[in-house]
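Below is one structure, written out as structure tokens; the observations come after it.
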Amino acid sequence: MSDLAAARARYVELIARRERISSPRLLDALATVAREDFLPRGPWRIKSEAAPSYRLTPDADPVHLYDNVLVAIDARRKLDTGLPSLWAHFIDVLDVGPKQRVVQVGCGLGYFSAVLSKMVGPKGKVHAVECDERLARRAAGYLEPFGNVDVIHGDGCADIGGSADVIIVHAGFAHPQPLWLQSLRPRGRLLVPLTQRDREGAAIRILRKAGGFEAEAVQQIRIFPGRGRGTTALDDRVADWWERASSLAPLRFRGLAQGLPSE
């Protein structure tokens, strides 16, 4: 086994063990999607949870990418790729399966779009929306070999191209958007980080059920803030819901989509 193949195997084993991943499709996707294909050529600026300052990899060997590290997309803006273990955990709790339509709001450079592409298979679809035009253009180039992925430069709070089985939001918002809730198919799942101005908050999983929605806080999170219509304020009902959600206490609610203002 080559050094790179061994590093990839350790990477998947680390994530599987740390996050107790239950989806074989997810583990297979992590094993087969080359992370280096969704980044510029190295050396790279990387950082870990234990050492939050960037360090430069000693060379451009992609073996350095197969660890639970963030990689800088734009270090000046503190904009990084997603932490592999964190987003693998979020994808796992969303129970992504074959033939499903998955929407990503904020796809970055497309690594997790490719992972999701493998999970939904050739009869599924990934609709990846990115509000940053330069990132969207780069992601579209990286994802060209993945025929079941569409990359759209646009506002994922305003248009996600139709209904979805899964919606995963890769940036922090003050509240779940009415569009996301209304676009969920029966038993559809939404993962959205709900954050405040300091980027701190909680990732919330929302399930569409007959007659309403069910939500549960998954994990505390610190994440880059989202852009678009989702930055506007909500009324006291949803503000109160957010206060309870941010405490990480599981909660359930019904009729939230009907209770949200249309903005």
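None of the figures in this text is laboratory data; all of them are computed from the coordinates on show. Here the structure is a predicted model, which is why all the values come from computation and not from measurement. We place every Cβ from the backbone using ideal geometry, glycine too, and count neighbours over all the protein chains shown.
Numerical summary
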item: Filter pass, PRO145 being more than 22 Å from LYS47 (Cβ to Cβ) and free of Cβ contacts under 8 Å to residues at least 12 places away in the same chain; result: yes
item: Filter result (without any contact (Cβ under 8 Å) to a residue 60 or more places away in the chain and aromatic (Phe, Trp, Tyr)) within the range 148-191; result: PHE173
item: ALA29 among the aliphatic types (A, V, I, L, M), out of contact with any strand residue (DSSP E or B) (no Cβ under 8 Å at 6 or more places or on another chain) and without any contact (Cβ under 8 Å) to a residue 24 or more places away in the chain; result: no
